[in-house]
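The block underneath contains the structure these notes are about, expressed in structure tokens.
The values are calculated or read from the model by the stated rules, or taken from the named source; none is laboratory data. The model shown is predicted, which means the values in this text are computed figures rather than measured ones. As a convention, Cβ positions derive from the backbone with ideal geometry for all residues, glycine included, and neighbour counts pool all protein chains shown. For the accessible areas, the whole protein counts, side chains as well, though only heavy atoms, and no ligand, DNA or RNA atoms are used. Shrake-Rupley method; radii C 1.70, N 1.55, O 1.52, S 1.80 Å.
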Amino acid sequence: MLSGPADVSGFRQQARMLAAANVHPDDVVWSTHEEPDDLFSAAPSDAPAEVASSARFTVSAGFVRLCDSALLHSDPQRFALMYRLLFRLKESPSMWMDTLDPERRRAEQMAREVRRAIHKMHAFVRFFPVEDEQGEQYLAWFEPDHFIEEAAAPFFARRFANMRWAILTPRCTLSWDGQALTTGAAGRREDVPPMDAGAELWLTYYRSIFNPARLKVSMMEKEMPRRYWANLPEATLIEPLIAQANERVAGMLASGATEPRKIRPMRPVDRSGD
């Protein structure tokens, strides 16, 4: 049994042991600590350590990277898929050269979706200030599509290194105290304060960067899916700005082009007296 849905290191350990003991994928049922109704049933996984050690094998770095990303997907079959691929690689290492292999393509698609979800989390987390016994802290609520919280967290630690913050999700809470990242219990939406006057900065920024002449609603919704709007302060402006777009573009066209400022060319510095 794995410790949780994002237990990549646990999967690696178990998968290496099972593959080394030549346990067929059909004989393994994967489950996580959060799935009590399932079983991790693989009697051969209890093979002696010397058996596993004598049957060690290597896989490409590309497979390891693929595994690390694909296992964060929400597909319940992700562990079974990656173990099948690992087992097949053990039996036939040349299989990795087949880029059209259906199972490899599925894993690569899952990895792409995970990377995109991490990008969305980086883009759409919004912090709001609160006061606690230690002073000011920033809280955010986010609902990722996949099990990406731990993978996305180092970005926020680097970007907001001088802040105390916490990102609450339905699965866990990521916290940064200025020194270290920690992962705690699941959060609740109501634990994060509602958007208030503190969100005005986001609204001002969004108004300033909105360009009605370049508006493409379908593309915008693809890059900023509606399911994220409830947690974005600027989302309250989207529909009014869309409604005003045609009028604003007409006004821009009617006003004509602005005259560019004349800039004097820089004169070379006279160093003859140096």
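Multiplying the residue separation of Arg112 and Glu223 by 0.36 nm and removing their Cα-Cα distance gives an extension gain of 38.5 nm. Remark: the Glu91-Asp191 segment gains 31.0 nm on full extension, using 0.36 nm per residue and subtracting the alpha carbon distance.
In this structure the range 61-140 gives 49 Å² per residue of accessible area when probed at 1.4 Å with all protein chains present. Using the Cβ atoms and a cut-off under 9 Å, what net charge is assigned to the surroundings of Thr183, where Lys and Arg are +1 and Asp and Glu are -1? Local charge sum for Thr183: -2. Centre-to-centre, using Cα atoms only, the range 67-89 and the range 91-119 are separated by 9 Å. Taking Lys and Arg as +1 and Asp and Glu as -1, the other residues whose beta-carbon sits under 14 Å from that of Asp145 total +4.
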